[in-house]
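Since the structure comes first, as C-alpha cells, the remarks are kept for the end.
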Amino acid sequence: MKIVFATGIYPPDIGGPAGYVFEIAKRLEYNGWFYEVVTYSDVTQNESAIMRVSRSIPPGLRHLVYFFKLLFACQGAEIIYAHDVMAAGVPAAIAAIILGKKFFIRIGGDVLWEKEVKDQLLSVKEFYQQGIHKKYFTFKLCRWVMKNAHKIIVPSTILLDLYKNYYGIGQDKLIFLRNPFPRVLPQEQSFGMRSILFAGRLQRYKNIETLLKAFSEIVFASKGIELNIIGDGPDRGRLNRIREGLRARERIVFETTLPHEELLKRIADCYLAVAPALTEFSPNFALEALSAGKPILISRENGLDIDFPEELIFSPTDKNELAIKLQDLFDLSIYRDALRWVERLPKLWSWDDVTREHIRIFSKNQ
C-alpha cells in the first residue's frame with residue numbers, strides 16, 4: 001500500500017513528530033509499503049518521497065501550497081496519516097474528504113493548550129478543567145478534524161482522557177499506542193564537564209524559563225556544569241534575553257537544531273537530561289535519554305507509564321524544587337542511584353513493535 005504522511009515538521013527539524021514520521025516511514029518501506037511525506041520546512045529542496053513547503057511563504061498562502069502538494073502526493077495512496085491537528089491535520093482532513101481516502105491522525109500533544117497557554121502557567125488538565133478551551137475557534141476546528149478521522153492514535157493516557165471527556169470522541173475511535181522505548185547500550189560516564197541537556201522546540205509551555213533560572217541558582221555551587229538548550233522556536237528570542245540577565249549566562253549555551261543521529265550522540269554524552277514542560281505527554285526526548293541510560297528530571301504531569309522515583313520528578317511551576325533536584329543530582333551517590341534505576345528499566349517497546357502495530361491498525365481498518 002501507499003501511505004502519505006502529513007506533518008508539520010520533519011528532519012532536519014527536531015521534535016517528536018519529526019523523528020516519529022522518519023522512523024515509521026523507513027520501517028514501513030522496509031515492510032514493502034510506499035510512502036510520501038508532505039511537510040513544512042526551512043529546507044527548500046525536495047528529495048525522493050519528501051515534499052517540502054517553505055516556511056518563508058506567508059501564512060495562508062503557505063497552507064494553500066501545502067494542501068495542493070498533499071493532493072498531488074495522495075494520488076494512488078490508500079491512507080493519509082497526519083501528525084498534528086492544525087497545520088497538517090486540517091488540510092489532510094479536507095484532502096481525505098475530497099479524495100475519499102482513509103484518514104488517520106496521530107496526536108502527540110494538545111495544540112490548543114500549547115498555543116494558548118502563553119503567560120498562564122497552567123497544566124493541560126487545569127486548562128480544560130477551567131473551561132478555557134471553550135472560547136477558542138481552534139477547539140471547534142480541532143474537534144472537527146478528530147471527528148472526521150477514521151482512527152486517532154495517541155501516545156499518552158492524558159490525551160486519551162482529554163479527547164474523550166472534552167472533545168466527545170468515542171472510545172472506539174481512539175487508540176492508545178505508547179511511544180517506543182528501545183534499550184541501547186549506555187556509554188561509560190565521565191564526571192568531568194557535566195552537561196545538563198534539553199532538546200526540543202522552544203515554545204512557552206516548554207517552561208525553559210524556569211529551567212534557566214533554577215540552573216542559575218545552583219551553577220556556582222557545582223563547578224564544571226553547563227546547561228545546553230538545543231532547538232529553535234518562537235520563544236527563543238525571549239529566552240535569550242532572560243539568559244543575558246542571569247549571572248550564569250556564560251554557562252548557558254543555546255544551540256540550533258541538530259540532525260537526529262547527532263542529537264542522540266549528544267544525549268549519550270550528557271550528564272543529565274531535563275524535560276521541564278508544564279505538561280509532558282509522552283516526550284520522545286525523555287525516552288531517548290532513558291534508552292541511552294541517562295537519568296532525566298521530568299515534570300510530574302508527564303503522561304509516561306513509568307514509575308519515576310521522587311528524585312527525578314518535580315512540579316514545573318516550582319523553581320525552587322527544580323533547583324534543589326538539580327543540585328541533589330550532582331551528589332554522585334544520588335546520581336549513581338538514579339543511573340541504577342535507569343539500568344533496571346525494562347525494554348518497554350521498540351520501533352519495530354510500533355511499526356507492527358501500525359500495520360495491524362491500517363490493515364484492520366481498510
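The values are calculated or read from the model by the stated rules, or taken from the named source; none is laboratory data. Computed from a predicted structure; not experimentally measured. Ideal geometry is used to build each Cβ from the backbone, glycine not excepted, and the neighbour counts take in all protein chains shown. To get the accessible areas, we keep the full protein, side chains included, count just its heavy atoms, and leave off ligands, DNA and RNA. Shrake-Rupley method; radii C 1.70, N 1.55, O 1.52, S 1.80 Å.
How are the alpha carbon pair distances in segment 17-100 distributed across 5 Å bins from zero to the largest one, expressed in percent?
3, 14, 25, 28, 20, 9, 2, 0
Can you give the Kirkwood hydrodynamic radius of segment 165-312 from its Cα pairs, in Å with one decimal? Please report the intermediate quantities before stating the final value.
On the way: mean 1/r = 0.0606 Å⁻¹.
Averaging 1/r across every pair of different Cα atoms and inverting gives 16.5 Å.
If you filter segment 74-152 for GluC sites (Glu not before Pro), then keep DSSP loop positions with at most 11 other Cβ within 10 Å, what is left? Don't skip to the end; give the middle numbers.
On the way: sites: 78, 114, 116, 126; in loops: 78.
Nothing satisfies the criteria.
Just to confirm a number: summing +1 for Lys and Arg and -1 for Asp and Glu over residues other than residue 42 whose beta-carbon lies under 14 angstrom from that of residue 42, what do you get?
Values: positive: 52, 55, 62, 201, 236; negative: 13, 232.
Computed value for this residue: +3.
Along Cα→Cβ, 7 Å out, is where each label goes; now give me the distance between the ones at residue 307 and residue 65 in nm to one decimal.
With each label point 7 Å from Cα toward Cβ, the separation is 5.2 nm.
Keeping to pairs on different chains or 8 or more places apart, tell me how many lysine pairs in segment 154-306 have Cα atoms under 24 Å apart. Intermediate values should be presented prior to the final figure.
Details: 164/173; 206/265; 206/294; 213/223; 213/294; 223/265; 223/294; 265/294.
Lysine pairs, 8 or more places apart or on different chains, close enough: 8.
Per residue, what accessible area does segment 143-291 have, given a 1.4 Å probe and all protein chains present, in Å²? Walk me through the numbers before you get to the answer.
Details: 6090 Å² over 149 residues.
On a per-residue basis, 41 Å².
Any idea how far apart residue 345 and residue 171 come out in nm if each label point goes 7 Å out from Cα toward Cβ?
Placing both labels 7 Å beyond Cα along the Cβ direction yields 3.0 nm.
Out of the trypsin sites (Lys or Arg not before Pro) in segment 265-329, which ones are loop residues according to DSSP with at most 16 other C-beta atoms within 10 Å?
Here the sparse-neighbourhood loop sites are 300.
For segment 297-366 and segment 1-75, compute the distance between their C-alpha centroids and round to whole Å.
A separation of 29 Å, based on Cα centres.
Round to the nearest 0.05 the FRET efficiency obtained for residue 255 and residue 43 when R0 = 25 Å and r is the Cβ-Cβ distance. Could you put the intermediate results ahead of the total?
Working: r = 18 Å, r/R0 = 0.72.
In this case the efficiency is close to 0.90.
What translational diffusion coefficient, in µm²/s and rounded to a whole number, does the Stokes-Einstein relation yield for the chain at 25 °C and a viscosity of 0.890 mPa s, taking the hydrodynamic radius as the Kirkwood radius over Cα pairs? Please report the intermediate quantities before stating the final value.
Values: Rh = 21.3 Å.
In µm²/s, the coefficient is 115.
Helix-only mean residue ellipticity at 222 nm, the chain, DSSP H runs n ≥ 4 weighted -39,500 (n - 2.57), per residue, nearest 500. What is it?
Values: 14 runs with 147 residues, N = 366.
That calculation yields -12000 deg cm²/dmol at 222 nm.
For a distance above 13 Å, tell me the whole-number percent of Cα pairs in segment 140-180 that qualify.
So the portion of pairs separated by more than 13 Å is 47 percent.
I'd like the distance separating the alpha-carbon centroids of segment 128-176 and segment 225-290, in whole Å.
So the two Cα centres are separated by 29 Å.
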